[in-house]
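In what follows, a single structure is set out as structure tokens and then discussed.
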Amino acid sequence: MAIIQKTIEDIKRYIGSNEQTDDARKEEALRALSLFMCPQVMENSALHAVVGFDDTLTPQFWDMTEGNLLATCKTGVAMNYMGCTTVLISMLLRFAKEVFQYYLFTDDIAPNYLRNDKHCAGNASALFDMREVYYSTLKKFFNELNYRKALSEAELNKQPFLLVVFGNACRFFADNEFESFRDLLSLLFRQGKRLRVACMVMTTRFESEFLYHRYRENFSCFVAGSTYPETAKELLQKDIPDWLIDGYRTDTCFFQNKDNRVQIQTYHLPLGIGLR
């Protein structure tokens with residue numbers, strides 16, 4: 001409880017003093033933040049990240065120890081750089097940096113709060129940082145994977161759990177440009193579970209997202225918002241609602257975990273705007 005209370009107050013202060021956000025947006029962000037104060041989140045000591053809340057405001061969890069997460073929506077809903085906000089806030093509220101850390105690799109700039117938080121081991125924006133910065137940060141992360149690969153199980157259990165976030169990697173970096181990291185990507189997706197690492201792939205270009213299509217068997221669940229008919233059919237396969245392919249709803253998504261599908265609101269936009 002001590003960790004969550006200290007962090008919640010810190011986030012509230014940040015949102016309240018954020019000069020880039022108007023008062024209406026701040027109120028939206030604070031309302032979204034209050035949802036994490038429910039017992040289901042506060043009393044959950046497992047490595048379960050909140051992906052959103054259903055229509056009864058019950059949090060829906062991704063078990064980060066069981067596989068990777070895909071999050072996809074059409075371009076324009078900020079899934080590519082803010083889609084991780086809900087997931088990360090739910091973890092920052094409950095775990096010290098000695099227990100949980102993360103890396104951010106996005107095309108646009110992720111919220112400032114997330115990039116500067118002490119849990120963030122590294123971050124780079126393909127659009128705003130030099131390509132050398134992006135690749136050096138990527139290399140730092142993969143050096144960490146190689147380090148973990150050499151550890152015993154007992155030693156691994158003493159390491160913080162790692163989440164690596166990729167936002168629209170396919171937008172600026174073609175598949176062949178990651179060729180030098182092919183072995184390390186394989187290490188991430190094939191052995192991540194053993195190495196205490198999870199991956200969240202956020203994309204607005206599902207059809208081109210090679211990280212998902214090459215390693216899809218290593219993804220345990222997905223979040224899908226307003227998207228294209230082909231994407232919806234491939235992910236949901238059946239019972240596709242009209243709003244998912246015809247509308248432009250930035251607040252509503254589906255979370256599918258194995259055979260369980262739940263309609264949720266992620267709140268990543270108000271949280272991301274409040275924390276930018």
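The values are calculated or read from the model by the stated rules, or taken from the named source; none is laboratory data. Quick caveat: nothing in here was measured; it's all calculated off a predicted structure. Please note: Cβ atoms are built from the backbone with ideal geometry, for glycine as well, and neighbour counts cover all protein chains shown. These accessible areas exclude ligands, DNA and RNA; they are computed on the full protein's heavy atoms, side chains included. Shrake-Rupley method; radii C 1.70, N 1.55, O 1.52, S 1.80 Å.
Couple of notes before you dig in:
- Converting phi to 3J(HN,Hα) with the Karplus coefficients 6.51, -1.76 and 1.60 and the offset θ = phi - 60°, segment 36-51 yields 6, 7, 6, x, 4, 8, 4, 9, 8, 9, 7, 7, 10, 9, 7, 9 Hz in sequence order, with x at every glycine or proline.
- For Glu209, no residue 5 or more places off, or on another chain, has a built amide H under 5 Å of its own.
- Lysines whose Cα lies under 25 Å from that of Lys139, excluding same-chain neighbours fewer than 8 positions away: Lys97, Lys118, Lys149, Lys158, Lys193
- Alpha-carbon spread of segment 85-168, three principal axes, descending order, Å: 39, 29, 19
- Relative contact order for segment 9-128, counting Cα pairs under 8 Å that sit 6 or more residues apart, in percent: 17
- Only Cα pairs under 8 Å and 6+ residues apart enter the sum, and on that basis the relative contact order of segment 65-165 stands at 29 percent.
- Ranked from largest, the principal axis spans of the Cα set of segment 14-74 equal 39, 32, 23 Å.
- The chain - percent of accessible surface contributed by carbon and sulfur, probe 1.4 Å: 48
- Largest-first ellipsoid semi-axes for segment 205-244, taking √(5λ) over the Cα gyration tensor eigenvalues, angstrom: 19, 11, 8
- Since only Tyr228, Thr266, Met130 are under comparison, the one whose Cα sits farthest along the positive direction of the charge dipole of the chain, derived from C-beta charges on Lys, Arg, Asp and Glu, is Met130.
- Rg and Dmax [Cα atoms of segment 105-254; Å; Rg one decimal, Dmax integer]: 16.7, 50
- Most to least packed among 54-63, 260-269 [average Cβ atoms within 10 Å]: 260-269, 54-63
- Segment 190-276, relative contact order in percent, only Cα pairs under 8 angstrom and at least six apart counted: 22
- Kirkwood-type radius of segment 214-276, with distances r between different C-alpha atoms, in Å: 12.8
- Isotropic mean projected area of the C-alpha convex hull, the chain (nm²): 13.9
- Segment 72-127: projected area of the alpha-carbon convex hull, averaged over directions, in nm²: 3.9
- Note on segment 14-138: Cα Rg divided by 2.2 N^0.38 Å, N the number of residues, gives 1.10.
- A 1.4 Å probe run over the chain, with the rest of the protein chains in place, finds 45 Å² accessible per residue.
- Local electrostatic count, Val133, Cβ distance below 13 Å [Lys/Arg +1, Asp/Glu -1]: +2
- Extension reserve of the Ile3-Asp22 stretch, reckoned as 0.36 nm per residue once the Cα distance is removed: 4.0 nm
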